[in-house]
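Quick notes on the structure that follows.
The values are calculated or read from the model by the stated rules, or taken from the named source; none is laboratory data. Just so you know, these numbers come straight off a predicted model, no measurement behind them. Reconstructed Cβ throughout: ideal geometry from the backbone, glycine too, with neighbour counts over all protein chains shown.
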Amino acid sequence: MTLLINKMVIIMLIKNSFYCFSLLQSGSRSHIFIIFTLLLSFYSPLYAQEDDDLLIFNDQADLLDEPFPVVLTASRLKQHKSRAPTSMTVIDKEMIVASGIREISELFRLVPGMKVSQVSGHQSTVSYHDIATDISRRLQVLIDGRSVYKPALAEVSWTNLPITIEDIQRIEVVRSPNAASYGANSFLGVINIITEHPDDVSGTQVSYTNGDTNIKDGFLRHSQRDGDFSWRVSLKQRNDTGFDTSKRPGKPETKCHDSKSVDVVNLRGVYDLNSNDYLDVSLGYSNAKKQGEQEVKPPEKYDDINTEEFYTHVLWHHGFNASHALETQFNYTSWNDRNDWTTGCTDPIFLGSAFCAKINHDLKQERMDLQIQDTYEVNDSLRFVAGGSVDVERAESETFLGGRVYNHRQRLFTNIEWQLMPDWLVNTGILVENDSIVDVSVEPRIAINYQFKAHHVFRYTWSKATRTPDLFEHDGKWNYTLSEKEFVPNNPFLNVNLIPPFPTLTPSDDAHEEKITSQEIAYIGSFPEHHLNIDMKIYRDAMRDLIYERLHYNDGIFIINNSTDLNLTGFEVSADYSPLKSVRLIASYGYSHIHVLHGEDKDIIEDSVPDHTASLMGIFKLPDNWQLSSTYYYADTTTGYDEPGKWKRIDFRIAKQIKLTDKNHVVISAVVQHRLDNDPDFREENHYDSDNKIYASIGLSF
């Protein structure tokens, strides 16, 4: 009878899921859902059973016969991927090393549906199902649970993240709205970069990389344990000259001015206070010097951009017992962009003179947040996480904000995992957020997982999310204050002080939060006898009231309104296959179709989301400690402001490990990146002189 009921329910769920769960979108049903979730989270501890065998915080929960990896980001609970409430991609350490990639942002080409755009040699953007071009404003990015999403211009500065790619243990990517766990700006998904614990990288590592485009990278890390205290410190410098040639229509080819030099230092220490408590402290700093991109008329000179980022992260973990833990964490992050008095010149005007002046593009941003999270396993069938946070965001800019602006935010959240029946698992989550920009918003999610066979799961997920306008969209005062004005060459017949000042532009008052309702049906399957894992989903995202990024000006204001509505549907699949112990193949493919219901620049919006993305990585362990890997990447409609094109590249990496002693070894590697298309990278002017980029590394561990 149970088997018959299961079959009947799963058929009804698949056939009628979009209809059934659309009922939750009505006001009354939403209130019932919210009340049920909150009551269940507070009701559960009253009947908790003490059981020291419930190792919910121990990696022993990753049973030997469980083929799916353990993930943390989807619901804030440690879950096997097959039990998570949403689709996820895990980029593990082996994939990171085998890719041979230097820039963290490029790793996301391995994720189905992801678009990685290289705006310039020192600016990249990572987006998922987003209509953005050079700024991705709808994807939350975390490092060890700490947000690096900038509050003023709603972007992530991938170039100068204060971590190194060598310190990344794995990356978890949530490929659907996850505001029920992380709040309003987790609009389309969440990236969580998880770094190495000091105990996992003991000893000293040093490496050097050299290659085309003047690549010169140096890395040093030391980690050790002293009694109850383990720590690691990492230092890295990255240098390259970016794109080689700028090719603009109707203009002569010029050398690109987009080099970068990035210095990074970070420190992580973990102190075991006692058997139940530990303190985890991280500090990081980066300094990036980047060449300005602007095309300057005479005199031909550029001013560099200097960007600093600093963070501190303090986490205290207290375990009451094996099934109950409390975590308190404090985070502070600051970003300081100094485009020190950029020189800007107009085209030559009267009598062949150009008007030049100094313009301040400085921007300082800060975020502080305090968070408390309680995780509790009630019994074998029920566990939950609940907590809250308080955030303060601040930004200051003479040009973009007219001074200093603030945002304050408070959040309450809960996620519940309930084993309803042996084959049925329900995940419910909700987050209530009070924001000084848009007041109160509610972000719910429900997911039903049905295991119809061992290691084979169907899942249905329904969720809603919002995105809060950033500080510039809400409080911007855009004005260029000109100083050191002059004509070049000097013209005695013209008075530079008669040049009218730029007007001050302020945003329109009608911008409000963006909204998305997402539904997906997924299949997660494992074939242990064939060493094959498959993950696929179909989805429909209804996005409403999107703020399109192109600004319009009228009577002293720049128009920011929620003018774009669209539906996005598609299919994504990924597979991980190991036919031999020495061979691993990882493949991904994503298809999306965008339908703009209302909005300006319809063609540009539709071209901004790739119809197809794909990757295929092969890792081959060869005799005598040799390793060969190759990765193919593909994406279409990836350009920013020009005609759509295609992006295709194949990478090769070969590495040899030379063992010196039981604890010491040397690794020598070489990487070749070969472009398979003739299209520019994102912008028409971005070109390399050669289709090949080659660099080599040597590293020593002792």
Residue check for residue 642: out of contact with any strand residue (DSSP E or B) (no Cβ under 9 Å at 6 or more places or on another chain) and either at pLDDT below 95 or among the hydroxyl-bearing types (Ser, Thr, Tyr) (or both): yes
Of all residues in the range 106-143 being of a type in the set (Gly, Ala, Ser) and touching a Phe, Trp or Tyr at 6+ places or on another chain (Cβ under 6 Å), the one that is surrounded by the most Cβ atoms within 10 Å (Cβ to Cβ): 113
Unmet requirement for residue 411, which otherwise passes all of (1) modelled with pLDDT of 95 or more; (2) in contact with a helix residue (DSSP H, G or I) (Cβ under 8 Å, 6 or more places away or on another chain); (3) charged (D, E, K, R): (2)
All positions within the range 94-121 that are over 19 Å from residue 190 (Cα atoms) and assigned to a helix (DSSP H, G or I): 94, 95, 97, 98, 99
Scope the range 656-702; condition small (Gly, Ala, Ser) and either touching a residue at least 60 places away in the same chain (Cβ under 8 Å) or surrounded by fewer than 15 Cβ atoms within 10 Å (Cβ to Cβ) (or both); matching residues: 669, 690, 696, 697, 699, 701
Within the range 140-177, tally of residues that are in a loop (DSSP other than H, G, I, E, B), over 11 Å from residue 190 (Cα atoms) and touching a residue at least 40 places away in the same chain (Cβ under 8 Å): 15
Members of the range 444-485 found to be within 18 Å of residue 401 (Cα to Cα), crowded, with 19+ Cβ neighbours inside 10 Å and β-branched (Val, Ile, Thr), listed by number: 468
Where residue 440 falls short, out of the listed (1) free of Cβ contacts under 8 Å to residues at least 12 places away in the same chain; (2) at positive phi: (2)
Selected residue (only one of 586, 547, 557 is farther than 21 Å from residue 515 by Cα and modelled with pLDDT under 90): 557
Residue in the range 290-312 that is assigned to a loop (DSSP other than H, G, I, E, B) and at pLDDT 95 or above present: no
Some residue of the range 46-64 being at pLDDT 90 or above, surrounded by fewer than 19 Cβ atoms within 10 Å (Cβ to Cβ) and either of a type in the set (Lys, Arg) or closer than 26 Å to residue 529 by Cα (or both): no
Qualifying residue in the range 426-433 (condition: within 18 Å of residue 461 (Cα to Cα) and either surrounded by fewer than 18 Cβ atoms within 10 Å (Cβ to Cβ) or without any contact (Cβ under 8 Å) to a residue 24 or more places away in the chain (or both)): yes
Residue selected from the range 457-506 under the condition among the acidic types (Asp, Glu) and modelled with pLDDT under 80, by the criterion nearest to residue 537 (Cα to Cα): 484
Residue check, residue 502 without any contact (Cβ under 8 Å) to a residue 24 or more places away in the chain and among the hydrophobic types (A, V, I, L, M, F, W, C): yes
Output for the range 130-144, where each listed residue is at pLDDT 85 or above, in contact with a strand residue (DSSP E or B) (Cβ under 7 Å, 6 or more places away or on another chain) and among the charged types (D, E, K, R): 138, 144
Options 597, 566, 580; residue that is closer than 30 Å to residue 476 by Cα, surrounded by fewer than 16 Cβ atoms within 10 Å (Cβ to Cβ) and either of a type in the set (A, V, I, L, M, F, W, C) or within 20 Å of the chain's Cα centre (by Cα) (or both): 597
Matching option when the condition is over 21 Å from residue 287 (Cβ atoms) and among the β-branched types (Val, Ile, Thr), among 164, 204, 195: 204
